[in-house]
Amino acid sequence: MTLDEIKALNVEKCDKFANFAKDKLPMPGKKKRLDEILNREILITDFRITKSKRKEGTDCLQIQFVLDDDVFVAFTGSSVLTDQIQSARDNIPFRVTVVKIDKYYSFS
């Protein structure tokens, strides 16, 4: 922006950072392992995909969900779950059951 454009700005019409920025604060919720929620219906309320701290070069999926009227988070390196949740991102919140098929986790 030029100096003239900056001086012409109406500060009241500018968006506040908090209105559009997603912060990187931890998702609220108690931690649960995926094997603790297998074959139980949960309500997924949010998710985040980050770089894995455990296995270099892979992603880590963090899901936030409601189970038995309590809020939890779970972490997984499952590429199947990561792909599935990305394809369903526009439908959050949604109910789902985590199942294990052979060595893989899947939403059903």
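The values are calculated or read from the model by the stated rules, or taken from the named source; none is laboratory data. Computed from a predicted model, the values in this text were never measured in an experiment. Cβ coordinates were reconstructed from backbone atoms using ideal geometry, including for glycine residues, and neighbour counts include every protein chain displayed.
Do the conditions hold for residue 41, that is, is it farther than 16 Å from residue 82 by Cα and touching a Lys or Arg at 6+ places or on another chain (Cβ under 7 Å)? Yes: the conditions hold for residue 41.
Applying the set (1) without any contact (Cβ under 8 Å) to a residue 24 or more places away in the chain; (2) small (Gly, Ala, Ser); (3) touching a Ser or Thr at 6+ places or on another chain (Cβ under 6 Å) to residue 52 leaves exactly one unmet item: (1). Scanning the range 61-105 for residues that are loosely packed, with under 15 Cβ neighbours inside 10 Å and hydroxyl-bearing (Ser, Thr, Tyr) yields 79, 87, 97, 104. Selection over the range 73-103 of residues that are touching a Lys or Arg at 6+ places or on another chain (Cβ under 9 Å) and not polar (S, T, N, Q) gives a count of 5. Restricting 95, 40, 33 to residues that are over 18 Å from the mean Cα position of the chain (by Cα) and at pLDDT 95 or above narrows the list to 40. Restricting the search to the range 12-30, which residues are under 19 Å from the mean Cα position of the chain (by Cα) and over 18 Å from residue 76 (Cβ atoms)? Result: 18, 19, 20, 21, 22, 23, 24, 25, 28. For residue 57, the test of being exposed (fewer than 13 other Cβ atoms within 10 Å of the Cβ), free of Cβ contacts under 8 Å to residues at least 60 places away in the same chain, at positive phi and out of contact with any Gly (no Cβ under 9 Å at 6 or more places or on another chain) is passed. So for the range 8-26 (the condition being surrounded by 10 or more Cβ atoms within 10 Å (Cβ to Cβ), of a type in the set (A, V, I, L, M, F, W, C) and in contact (Cβ under 8 Å) with a residue 40 or more places away in the chain), does at least one residue qualify? Within the range 8-26, not a single residue is surrounded by 10 or more Cβ atoms within 10 Å (Cβ to Cβ), of a type in the set (A, V, I, L, M, F, W, C) and in contact (Cβ under 8 Å) with a residue 40 or more places away in the chain.
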